[in-house]
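Notes to accompany the following structure.
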Amino acid sequence: MTAFSANLGFLWADLPLADAIRAAHAAGFDAVECHWPYDNDPAGVRDALIETGLPMLGINTVRGDTGAGENGLSALPGRESEARAAIDQALDYAQYIGAGAVHVMAGFSSGPEAGKSFAANLSYACERAAPHDITILIEPLNAYDAPGYFLNSTAQAQSIIEHLGAGNLKLMFDCYHVQLTEGDLTNRLTRLLPLIGHIQFASVPDRGTPDHGEVSYAHVFDHLKSLGYTDPLGAEYRPARPTSETLAWMARFPG
């Protein structure tokens with residue numbers, strides 16, 4: 001059967017994280033993931049994960065000064081100390097709750113110096129994460145939702161991963177972002193599968209439930225099964241109604 005992870009940054013976002021984990025379990029999800037859990041007591045989050053038996057697949061590093069529109073720190077030249085503090089915070093939280101991955105957010109920047117900063121900070125993250133068996137993820141974001149984001153294509157992500165050569169650095173392949181930016185999802189999934197650490201999905205172009213729009217997820221999920229991919233797929237969509245009222249799509253992809 002296809003396994004699904006609930007991204008609690010969007011699903012049940014009105015609940016405290018521990019209660020959202022319990023709601024995801026009750027709804028039949030196989031795993032959970034989230035964006036920025038840091039306002040939640042990690043002991044309560046860990047207790048909810050133990051209670052439900054759901055793995056926490058991953059969390060994000062903080063975005064920085066959100067009031068100023070920041071969306072990550074690790075590709076911002078001159079901000080290395082803040083970027084590494086964010087990496088340390090995420091890894092400490094992930095280790096405490098047993099999360100398997102940390103998504104290191106690049107931020108809004110461009111140019112060679114930004115690339116050098118991102119590479120150096122990723123190397124730091126990978127080295128710190130390795131003893132704890134935590135994967136470091138990087139995710140290209142589309143230019144409609146995140147114009148000016150440093151990491152904006154799978155080719156760029158592949159180049160970074162291959163250049164750094166860290167065994168625990170992987171690509172977060174978000175079908176929504178990739179379809180808007182590059183398309184050709186199934187061929188890209190086939191080619192990039194050895195580099196992929198997690199896959200997410202939502203309808204395109206509205207980022208809603210995956211039962212409409214320009215992507216046939218029945219086809220994409222069948223293709224992933226044909227490739228032997230069995231890890232939980234991350235439902236990272238924006239519910240148009242209370243989350244519990246938006247889950248009919250799960251019955252459409254049972255196997």
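Just a few scattered comments:
- Number of positions in the stretch 36-62 that are surrounded by fewer than 17 Cβ atoms within 10 Å (Cβ to Cβ), part of a helix (DSSP H, G or I) and in contact with a Leu (Cβ under 9 Å, 6 or more places away or on another chain): 1
- Consider the stretch 123-152 and keep the residues that are under 16 Å from the mean Cα position of the chain (by Cα) and acidic (Asp, Glu). The one that is surrounded by the most Cβ atoms within 10 Å (Cβ to Cβ) is Glu139.
- Of all residues in the stretch 127-152, exactly one satisfies the criterion of being of a type in the set (Gly, Ala, Ser), within 29 Å of Pro55 (Cβ to Cβ) and not in a helix (DSSP H, G or I), namely Ala146.
- Yes/no for His163 being more than 17 Å from the chain's Cα centre (by Cα), more than 24 Å from Ala106 (Cβ to Cβ) and touching a residue at least 24 places away in the same chain (Cβ under 8 Å): no
- Set side by side, the residues Tyr124, Tyr176 differ, and just one is closer than 26 Å to Thr66 by Cα, part of a helix (DSSP H, G or I) and out of contact with any Asp or Glu (no Cβ under 8 Å at 6 or more places or on another chain), which is Tyr124.
The rows are residues; the columns are (1) over 20 Å from Ile160 (Cβ atoms); (2) in a strand (DSSP E or B).
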| site | (1), (2) |
| --- | --- |
| Asn187 | yes, no |
| Leu193 | no, no |
| Ile199 | no, yes |
| Val204 | yes, no |
| His212 | yes, no |
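- Taking residues in the stretch 189-203 that are closer than 16 Å to Ala157 by Cβ, and partners anywhere that are crowded, with 20+ Cβ neighbours inside 10 Å and of a type in the set (Gly, Ala, Ser), the pairs with Cβ atoms closer than 8 Å and at least 6 places apart or on different chains are Leu195/Ala157; Gly197/Ala101; His198/Gly58; His198/Ala101; His198/Gly234; Ile199/Gly234; Gln200/Gly234; Gln200/Ala235.
- Scanning the stretch 75-92 for residues that are touching a strand residue (DSSP E or B) at 6+ places or on another chain (Cβ under 8 Å) and either farther than 15 Å from Gly148 by Cβ or surrounded by fewer than 18 Cβ atoms within 10 Å (Cβ to Cβ) (or both) yields Ile87, Ala90, Leu91.
- Count of residues meeting criterion [buried (at least 17 other Cβ atoms within 10 Å of the Cβ), among the hydrophobic types (A, V, I, L, M, F, W, C) and either closer than 19 Å to Asn7 by Cα or touching a Cys at 6+ places or on another chain (Cβ under 6 Å) (or both)] in the stretch 221-243: 3
- Residue tally, condition touching a residue at least 60 places away in the same chain (Cβ under 8 Å) and out of contact with any strand residue (DSSP E or B) (no Cβ under 8 Å at 6 or more places or on another chain), over the stretch 208-237: 2
Bear in mind these aren't lab numbers, they're just calculated from the coordinates by the rules spelled out. Just so it is clear, the model here is predicted, and its values are computed rather than measured. When we count neighbours, we look across all protein chains shown, and the Cβ atoms used for this are built from the backbone with ideal geometry, even at glycine.
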